[in-house]
Amino acid sequence: MSDDHTHVQEFFAARAADWDSRFPDDGPVYAAAVAELGLREGDRVLDAGCGTGRALPPLRAAVGASGVVVGADLTPAMLEAAVRAGRDRDGRLLLADVSALPVRSGVLDAVFAAGLIAHLPRPAENLRELARVVRPGGVLALFHPIGRAALAARQGRQITPDDLRAESNLRPLLTGSGWRMTSYVDRDDRFLALAARAD
């Protein structure tokens, strides 16, 4: 396991137990972001870097009982918190690295990724792996419940020009990774970039 993975696991393992209580009001923004994916009954969707599984209930509601919902995360403690919250009833939880998913190519209709991109050690390569598991025309949602400026303020830092989530950086990154950006929103109350899997 690389140092990047160890750092991510340590960061989230230390915060897993109280993660949901730190952000108790995020449910509606997650549901609104999931709605933007345009999922249909029976679709197959991955929550990449699912953490405590806060997106799993709206994802399950969107795809219905006949759909498939999988939540993958690198940190066992986060998945354990998802189970304690009962979110394993809404989707299958998988201990997995999004840079090497144990999923066949082209089988998913969509990927939802909340707060993931900032933690990817090799963003272009990792986004290509997400593209690999999605059918042509399938959708990727890169989401955060608050925008870039609000998040930077919360963390006591400034936004830098190399911020991957800046539209000018994210668009070419997605294009080079097998995606085509279809919409971009960066407001104080949410960040959401949608992309379609290129043919």
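Tabulated values for the structure
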item: Subset of region 106-132 [surrounded by fewer than 23 Cβ atoms within 10 Å (Cβ to Cβ) and part of a loop (DSSP other than H, G, I, E, B)]; result: G106, V107, G115, L120, P121, R122
item: Lone unmet requirement of (1) aliphatic (A, V, I, L, M); (2) part of a loop (DSSP other than H, G, I, E, B); (3) modelled with pLDDT under 95 for V29; result: (2)
item: Candidates L79, L95, L116 - the one that is touching a helix residue (DSSP H, G or I) at 6+ places or on another chain (Cβ under 9 Å), without any contact (Cβ under 8 Å) to a residue 40 or more places away in the chain and under 22 Å from A31 (Cβ atoms); result: L79
item: Number of positions in region 146-169 that are touching a helix residue (DSSP H, G or I) at 6+ places or on another chain (Cβ under 8 Å) and either within 24 Å of A32 (Cβ to Cβ) or in a helix (DSSP H, G or I) (or both); result: 6
item: Residue check, L164 under 15 Å from the mean Cα position of the chain (by Cα) and surrounded by fewer than 18 Cβ atoms within 10 Å (Cβ to Cβ); result: yes
item: Condition check for P102: under 20 Å from G49 (Cβ atoms) and more than 15 Å from the chain's Cα centre (by Cα); result: yes
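The values are calculated or read from the model by the stated rules, or taken from the named source; none is laboratory data. The shown structure was predicted, so the numbers you read here are calculated from the model rather than taken from an experiment. Neighbour counts are summed over all protein chains in view; Cβ atoms, including those assigned to glycine, are modelled from backbone coordinates with ideal geometry.
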